[in-house]
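K.L.:
Dumping the structure here so I can ask a few things about it.
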Amino acid sequence: MEKSIEELYCRRPHVVIVGAGASRAVMGKSCPTMNEAVEQVGLDEIIKGITLQTKSKNLEDIYSELFRRYDECKDARIVMEEVLYNYFSNIHLPTTLTIYDLLILSLTEKDCIVSFNWDSLLIQAYNRVEKITRNRPQILFLHGNVGAGLCKDCMTFGPIQNLCPKCGTSYERVPLLYPVEQKDYNSDIFIRDQWNVAKDYISRAGKVTIFGYSAPSSDKEASEILKTAFSKYAEVHRLDVVEIIERPGFDANGISETWRYFFSLTNGHYSKVDSFYNSSLAKAPRRTIQCQYRRFIEGWWGRPKIQFSEQETFESVATLLNPLLVNEEQGNYAII
Ligand SMILES: [Zn+2]
């Protein structure tokens, strides 16, 4: 049977690209930015004996220099990696519902969250919302993650505390991709595979939301890969929308050249909101692409009744989403 245009359009993934600003929105200061990490994680102590050329307090600048002065700074660099790994391993979600729980619940299995963060908060949220639904998006970690484990022999990966489902041995840590000027996204098999899957999702995306990720100009490799992926089927994005969630007061002039390139492919269709609750994810949870189709293709002026509010709890959100979840069981993705 021939598929209708609507059906084809609505099968396209919504891709959410998540950066440090998102973990920050969820956790406040207990999740440090690259600028705060050096002091907050106690890295000052490690680099005490080294005279750095950089005056910057940014982790990326400091780490890059240690990496450049390879032999001379090797010991400090290895200690720094261990301290960072342990620090990020110990960041846990509060027991109450968070924006990350809502983010997972706002998408379905055809969608994808692409994270640049080392913390495992998204994995924690993914696991605990299973009580509400198993129809959840893919999650990919393009800089590695402390919550992910890998079996190199079987090429399987999963939560670090699990055993390999094929050979039964404990998972190994996935290396974090530390900030250096020249990032090599092919050096590690886990990271390379995550990028390959991410590229496929981004190329087919009907909507891209960028949540607290500024695509720093220093990460030229990432920027180029993202742009190449989105332009693979450039002509299909003319009616798509790129959405940016940034902190209140964020200067639109600060939007990176990478995202401006995305806007050019969507014919200038983009929106900028100052909180997750004002994004399409909260305004049309689990039906973001369907809603976009009705608005852009059918000229619909309405809005979904089911929307997330800031007062949501695990109980209230389970009740709120129930009509959508019941329909999904029958393959029905109508907007309610
Ligand atoms: Zn194995």
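K.L.:
Taking the Cα-to-Cβ direction at residue 163 and at residue 260 and moving 7 Å from each Cα, how far apart do the two end points lie in nm?
P.N.:
Simple spin-label model gives 5.4 nm for this pair.
K.L.:
Hey, fewest Cβ within 10 Å first, where do 325, 265 land in order? List each step's numbers first, then the result.
P.N.:
Numbers: 325 16, 265 20.
Lowest to highest Cβ neighbour count: 325, 265.
K.L.:
Take the alpha carbon atoms of segment 209-267, find their center, do the same for segment 98-160, and report the distance between the two centers in whole angstrom.
P.N.:
Using only Cα atoms to place each centre, the spacing works out to 22 Å.
K.L.:
A follow-up question, please. Counting other Cβ atoms within 10 Å, keep those with at most 10, restrict to DSSP loop, and tell me which chymotrypsin sites (Phe, Trp or Tyr not before Pro) in segment 268-306 are left. It would help to have the intermediate numbers written out before the result.
P.N.:
Numbers: sites: 270, 276, 277, 293, 296, 300, 301; in loops: 300, 301.
The qualifying sites are 301.
K.L.:
Further question on the same structure: Where the only charges are on Cβ atoms (+1 Lys, Arg; -1 Asp, Glu), what is the dipole of segment 34-89 about its Cα centre, to the nearest 20 debye?
P.N.:
Values: 7 positive and 12 negative charges, 33 e Å.
Dipole about the Cα centre, nearest 20: 160 debye.
K.L.:
Would you calculate the separation in nanometres between label points at residue 71 and residue 153, each defined as 7 Å from the Cα along the Cα-to-beta-carbon direction?
P.N.:
3.7
K.L.:
Now, a different point. Take the Cα of residue 235, step 7 Å along the line toward its Cβ, and report every residue of segment 244-277 whose backbone nitrogen sits under 16 Å from that point.
P.N.:
265-267
K.L.:
Full-extension gain between residue 39 and residue 193, please, as 0.36 nm times their residue separation minus the C-alpha to C-alpha distance. Intermediate values should be presented prior to the final figure.
P.N.:
Details: separation 154, 0.36 × 154 = 55.44 nm, distance 3.30 nm.
Difference between extended and current length: 52.1 nm.
K.L.:
Let me ask another. Got a sec? Charge dipole of segment 34-89, +1 on Cβ for Lys and Arg, -1 for Asp and Glu; which of 88, 78, 56 is way out at the positive end?
P.N.:
Comparing the listed Cα positions along the dipole, 56 ranks first.
K.L.:
With point charges of +1 on the Cβ of Lys and Arg and -1 on the Cβ of Asp and Glu, referenced to the Cα centre of the chain, which listed residue (267, 198, 229) lies farthest in the positive direction of the dipole?
P.N.:
It is 267, whose Cα lies furthest towards the positive end.
K.L.:
Here is a further query. How would 237, 269 line up from fewest to most surrounding beta-carbon atoms within 10 angstrom?
P.N.:
On the way: 237 24, 269 18.
Ascending number of Cβ neighbours within 10 Å: 269, 237.
K.L.:
Put +1 on the Cβ of every Lys and Arg and -1 on every Asp and Glu Cβ in the chain; which of 149, 211, 175 then has its Cα farthest towards the positive end of the dipole?
P.N.:
211
K.L.:
Right, another one. Full extension from residue 267 to residue 250: what is 0.36 nm times the residue separation minus their Cα-Cα distance, to one decimal in nm?
P.N.:
On the way: separation 17, 0.36 × 17 = 6.12 nm, distance 2.30 nm.
Contour length minus the Cα-Cα distance gives 3.8 nm.
K.L.:
Among 191, 335, 5, which comes first, second and so on when ranked by fewest other beta-carbon atoms within 10 Å? Walk me through the intermediate numbers first.
P.N.:
Working: 191 23, 335 17, 5 9.
With the fewest neighbours first, 191, 335, 5 line up as 5, 335, 191.
K.L.:
Below 11 angstrom from the Cβ of residue 51, what's the summed charge of the other residues (Lys, Arg +1; Asp, Glu -1)? Working shown, then result.
P.N.:
Working: positive: 48, 69; negative: 65, 72.
Charge balance in the 11 Å sphere: 0.
K.L.:
Give me the net charge for the shell around residue 325: Cβ to Cβ below 13 angstrom, other residues only, Lys and Arg +1, Asp and Glu -1. Present the calculation step by step, with values, prior to reporting the outcome.
P.N.:
Numbers: positive: 131, 134, 136, 286, 287; negative: 109, 130, 328, 329.
Result for the local shell: +1.
Every number in this text was worked out from the coordinates using simple rules, so none of it is lab data. In this text, all values refer to a predicted model and were calculated from it rather than measured experimentally. Don't worry about glycine lacking a Cβ; one is built from the backbone with ideal geometry, like all the others, and counts go over all protein chains shown.
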